[in-house]
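Undergrad: What follows is a single structure, and I will ask about it in a moment.
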Amino acid sequence: MNDLNAILEPGMLVMHPDRPEWGTGQVQSNIGGRVTVNFREQGKVVIDGRWVTLLPVFED
């Protein structure tokens, strides 16, 4: 698991670095390197943390 993804907890806001059109997403779960995020424009997506480092958002 990517070290930055390890800090992600349910409720935190993130953006996908390669899919800015998805908008801000809210972390639903982070289990075994698989981060489930509900994105504003894309809906629920399961991200494999081995390949994608999600970007924390501190203001929406």
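The values are calculated or read from the model by the stated rules, or taken from the named source; none is laboratory data. A quick note: this is a predicted structure, and the numbers were derived from the prediction, not measured. Counting neighbours? That spans all protein chains shown, and the Cβs are built from the backbone with ideal geometry, glycine included.
Undergrad: Give region 4-18 a look and list any residue that's within 15 Å of residue 57 (Cβ to Cβ) and in a loop (DSSP other than H, G, I, E, B), or say none.
TA: We begin by selecting, within region 4-18, every residue within 15 Å of residue 57 (Cβ to Cβ); these are 4-5, 7-17.
Matches in region 4-18: 7, 8, 9, 10, 11, 12, 16, 17.
Undergrad: What do you reckon, is residue 21 in contact with a Phe, Trp or Tyr (Cβ under 9 Å, 6 or more places away or on another chain), free of Cβ contacts under 8 Å to residues at least 24 places away in the same chain, not polar (S, T, N, Q) and not in a strand (DSSP E or B)? Walk me through it before giving the result.
TA: Working: in contact with a Phe, Trp or Tyr (Cβ under 9 Å, 6 or more places away or on another chain): no; free of Cβ contacts under 8 Å to residues at least 24 places away in the same chain: yes; not polar (S, T, N, Q): yes; not in a strand (DSSP E or B): yes.
It is false that residue 21 is in contact with a Phe, Trp or Tyr (Cβ under 9 Å, 6 or more places away or on another chain), free of Cβ contacts under 8 Å to residues at least 24 places away in the same chain, not polar (S, T, N, Q) and not in a strand (DSSP E or B).
Undergrad: Still on this model: Suppose we filter 27, 45 for residues that are buried (at least 17 other Cβ atoms within 10 Å of the Cβ) and in a strand (DSSP E or B); which single one remains? Reasoning before the result, please.
TA: Numbers: 45 fails: buried (at least 17 other Cβ atoms within 10 Å of the Cβ).
Answer to the selection: 27.
Undergrad: For region 25-48, give me each residue that is small (Gly, Ala, Ser) and more than 13 Å from residue 5 (Cα to Cα). Give the derivation first.
TA: Here is the first cut: in region 25-48, the ones small (Gly, Ala, Ser) are 25, 29, 32-33, 43.
Correct list: 25, 43.
Undergrad: Give just the number: which of (1) modelled with pLDDT under 95; (2) within 9 Å of the chain's Cα centre (by Cα) does residue 15 not satisfy?
TA: Every listed condition holds for residue 15 apart from (1).
Undergrad: Something else about it: Filter region 49-60 for residues that are touching a strand residue (DSSP E or B) at 6+ places or on another chain (Cβ under 8 Å) and surrounded by 12 or more Cβ atoms within 10 Å (Cβ to Cβ); which is nearest to residue 6 (Cα to Cα)? Step through it out loud before you land on a result.
TA: Going residue by residue through region 49-60, those that are touching a strand residue (DSSP E or B) at 6+ places or on another chain (Cβ under 8 Å) are 49, 54-58, 60.
From what is left, the residues that are surrounded by 12 or more Cβ atoms within 10 Å (Cβ to Cβ) are 49, 54-57.
Numbers: 49: 9, 54: 10, 55: 12, 56: 11, 57: 15 Å.
Looking at the filtered set, the residue picked out is 49.
Undergrad: Can you tell me how many residues within region 2-14 are surrounded by fewer than 17 Cβ atoms within 10 Å (Cβ to Cβ) and either of a type in the set (A, V, I, L, M) or touching a Gly at 6+ places or on another chain (Cβ under 6 Å) (or both)?
TA: Initially, region 2-14 is screened for residues surrounded by fewer than 17 Cβ atoms within 10 Å (Cβ to Cβ), giving 2-4, 6-7, 9-11.
Pick out the ones that are also either of a type in the set (A, V, I, L, M) or touching a Gly at 6+ places or on another chain (Cβ under 6 Å) (or both) and you get 2, 4, 6-7.
Here the count works out to 4.
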